[in-house]
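Throughout, read-outs are computed from the coordinates displayed, never taken from laboratory work. Just so it is clear, the structure is predicted and the values come from calculations on it, not from any experiment. Here the Cβ positions follow ideal geometry from the backbone for every residue, glycine too, while neighbour counts run over all protein chains shown.
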Amino acid sequence: MLRQIMLVGAGSAVGGMLRYLLGKWIYFLYPQTFPLPTLIINILGCFLIGLLYGFSIKTGTLSAEARLLLTTGFCGGFTTFSAFAFENIQLMKNGDYTMVLLYITASVVLGIVAVFLGMELYR
């Protein structure tokens, strides 16, 4: 279990650092009030987790530990939105469309409310 935690932590650290640097670079190239860096990083992270998952399933060449490092660790550190999108795809594959709508709605609405409440605590 400790090995898995260390793999996730290492991947998360690299993913988080890359997210930070890429966000700064995108903002430097396109300074604006719209959160373009976050949007680009979220979409890129979703694409990457899809590629990794598809590659892993098709080729079978990624070990469970490599998948953990790259998907949960790196992609999770790069953007948790990729995990959110992936989980929704899994729910859709299982035919749980009601759960997909509930999960998306709850995540977006409750996430925005939680940020607002957290900010209000220090207002």
* Structure fact -> Log entry, pairs with first residue in the range 4-21 being farther than 16 Å from S82 by Cα, second being surrounded by 15 or more Cβ atoms within 10 Å (Cβ to Cβ) and of a type in the set (S, T, Y), beta carbons closer than 9 Å, six or more apart or on different chains, reads Q4/T72; L7/T72
* Asked: Is it fair to say T71 is part of a loop (DSSP other than H, G, I, E, B) and out of contact with any strand residue (DSSP E or B) (no Cβ under 9 Å at 6 or more places or on another chain)?
  -> no
* **helices (runs of 4 or more DSSP H) contained in the range 1-67 and holding at least 1 residues touching a Gly at 6+ places or on another chain (Cβ under 7 Å)** => 2-29, 36-59
* Structure fact -> Counting only residues in the range 74-102 that are hydroxyl-bearing (S, T, Y) and touching a helix residue (DSSP H, G or I) at 6+ places or on another chain (Cβ under 6 Å), the one surrounded by the fewest Cβ atoms within 10 Å (Cβ to Cβ) is identified as T79
* among the β-branched types (V, I, T) and surrounded by 11 or more Cβ atoms within 10 Å (Cβ to Cβ) - does that describe any residue in the range 45-53? -> yes
